[in-house]
Structures are given as structure tokens and as C-alpha cells.
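Since the structure comes first, as C-alpha cells, the remarks are kept for the end.
The values are calculated or read from the model by the stated rules, or taken from the named source; none is laboratory data. Treat the numbers as computed from the prediction; the structure is a model and nothing was measured. Here the Cβ positions follow ideal geometry from the backbone for every residue, glycine too, while neighbour counts run over all protein chains shown.
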Amino acid sequence: MALCDRLEASLTTAADTRRRLLDALLAEALAPDEDRLREAAE
């Protein structure tokens with residue numbers, strides 16, 4: 001049973017990581033052009 005619990009925790013962690021990465025990607029992709037230009041200049 002402990003193995004199943006560890007697997008479930010690992011899957012949950014992976015899903016959370018994927019969700020956070022997707023959120024960051026979408027925020028970057030949908031940022032106004034001024035923000036992207038300012039970051040490129042830095």
C-alpha cells in the first residue's frame with residue numbers, strides 16, 4: 001500500500017508541476033507586447 005501512496009503522491013506532484021508550467025507559459029504568451037519588449041531589452 002505504501003508503494004501505491006508514493007505513486008499517487010508522485011502523480012499529483014507531476015500534475016501540479018505541469019499545471020504551474022502551463023500557467024507560466026500562458027502568462028508569458030499572453031503578456032502585452034510592451035512587457036515582452038522590456039524583458040528582451042534587459
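Has the range 21-36 got at least one residue that is in a helix (DSSP H, G or I), at pLDDT 95 or above and of a type in the set (D, E, K, R)?
yes
Do you know which residues across the range 21-42 are charged (D, E, K, R) and either in contact with a Gly (Cβ under 6 Å, 6 or more places away or on another chain) or surrounded by fewer than 10 Cβ atoms within 10 Å (Cβ to Cβ) (or both)?
First, the residues of the range 21-42 that are charged (D, E, K, R): 23, 28, 33-36, 38-39, 42.
If the condition is that a residue be charged (D, E, K, R) and either in contact with a Gly (Cβ under 6 Å, 6 or more places away or on another chain) or surrounded by fewer than 10 Cβ atoms within 10 Å (Cβ to Cβ) (or both), then ASP33, GLU34, GLU42 are the ones that fit.
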